[in-house]
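Engineer: The structure that follows is given in the form of structure tokens.
The values are calculated or read from the model by the stated rules, or taken from the named source; none is laboratory data. Treat the numbers as computed from the prediction; the structure is a model and nothing was measured. Cβ atoms come from the backbone with ideal geometry, glycine included; neighbour counts cover every protein chain shown.
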Amino acid sequence: MKVDFFQIEGPCLLTHQKYEDDRGYFIETYQKEKFEKITGKSISFVQDNHSLSKLVGTVRGLHYQTPPFAQGKLVRCLKGSINDVAVDARLNSSTYGQHIKVFLSADNCKQLWVPEGFLHGFATLEENTEVAYKVTNFYDESCDSNVQWNDPELAIDWGIDTHSAILSEKDLKAKTFNSFVSPFSF
């Protein structure tokens, strides 16, 4: 497994070895000891989520859960492709408000680790895109919130036509980054 780190401390991109033969392929997508060595933390995943986005330009995000139900996420694309984004929302971080963007696809065998303290979202680049992610805490509606995916202050290039983006009702009503009061610290 190859690991790439970013200028923003915390997230990392994992590229897994793909073992191929005439039958197809095999990929080890998660191994607890290796993952904890990479992150330097003891991490337990408690829930797996799987989404299908039927149309190109579907945006899911920027989402987060507040403590005590803050979530770290290990994200991968099972079918199709996405631009996956994580925004540093940790107060006192030197990279607060900055983001990383990575291309994840069914073909490239990459996963993005998004630790607690980051806003997370993705935009689909193909029809019928499926995304799966492991999370470190359970979903809790009272702790669930979001920030505008296209907030000019964040200046995220999602790689899609922003005027025709497909959003949920919840994401259409998201708060601006300026009005966001971060519950996270560095």
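Engineer: If you scan region 99-120, which residues turn out to be modelled with pLDDT of 95 or more and at positive phi?
Structural biologist: Result: GLY117, single match.
Engineer: Do you know which residues across region 50-76 are out of contact with any strand residue (DSSP E or B) (no Cβ under 7 Å at 6 or more places or on another chain) and either under 17 Å from LYS170 (Cβ atoms) or assigned to a strand (DSSP E or B) (or both)?
Structural biologist: If the condition is that a residue be out of contact with any strand residue (DSSP E or B) (no Cβ under 7 Å at 6 or more places or on another chain) and either under 17 Å from LYS170 (Cβ atoms) or assigned to a strand (DSSP E or B) (or both), then PHE69 is the only one that fits.
Engineer: Does THR66 satisfy being crowded, with 24+ Cβ neighbours inside 10 Å and touching a residue at least 40 places away in the same chain (Cβ under 8 Å)?
Structural biologist: no
Engineer: Filter region 3-24 down to residues that are within 18 Å of ALA106 (Cβ to Cβ) and in contact (Cβ under 8 Å) with a residue 12 or more places away in the chain and give me whichever is nearest to the chain's Cα centre (by Cα).
Structural biologist: LEU13
Engineer: Any chance you could count how many residues in region 152-186 are of a type in the set (D, E, K, R), surrounded by 13 or more Cβ atoms within 10 Å (Cβ to Cβ) and without any contact (Cβ under 8 Å) to a residue 40 or more places away in the chain?
Structural biologist: Taking region 152-186 first, the residues of a type in the set (D, E, K, R) are 153, 157, 161, 169-171, 173, 175.
Subset that is surrounded by 13 or more Cβ atoms within 10 Å (Cβ to Cβ): 171, 175.
Adding the requirement that they be without any contact (Cβ under 8 Å) to a residue 40 or more places away in the chain leaves 175.
Final tally of qualifying residues: 1.
Engineer: Can you confirm whether CYS77 is crowded, with 23+ Cβ neighbours inside 10 Å and closer than 17 Å to THR29 by Cα?
Structural biologist: Answer is yes for this residue.
Engineer: Output the residues belonging to region 12-40 that are under 26 Å from HIS99 (Cβ atoms) and in contact with a helix residue (DSSP H, G or I) (Cβ under 9 Å, 6 or more places away or on another chain).
Structural biologist: Within region 12-40, CYS12, LEU14 qualify.
Engineer: Condition (residue is under 14 Å from the mean Cα position of the chain (by Cα) and either farther than 30 Å from LYS173 by Cβ or not small (Gly, Ala, Ser) (or both)) applied to region 25-35: is it met by at least one residue?
Structural biologist: Looking only at region 25-35, we keep the residues that are under 14 Å from the mean Cα position of the chain (by Cα), and these are none.
The answer is no, given that none of the residues of region 25-35 is under 14 Å from the mean Cα position of the chain (by Cα) and either farther than 30 Å from LYS173 by Cβ or not small (Gly, Ala, Ser) (or both).
Engineer: Here is a further query. Working only within region 1-28, note down all residues that are among the hydroxyl-bearing types (Ser, Thr, Tyr) and closer than 27 Å to SER93 by Cβ.
Structural biologist: THR15
Engineer: Please verify whether SER93 is surrounded by fewer than 21 Cβ atoms within 10 Å (Cβ to Cβ), farther than 18 Å from LEU52 by Cβ and small (Gly, Ala, Ser), treating the condition exactly as stated.
Structural biologist: yes
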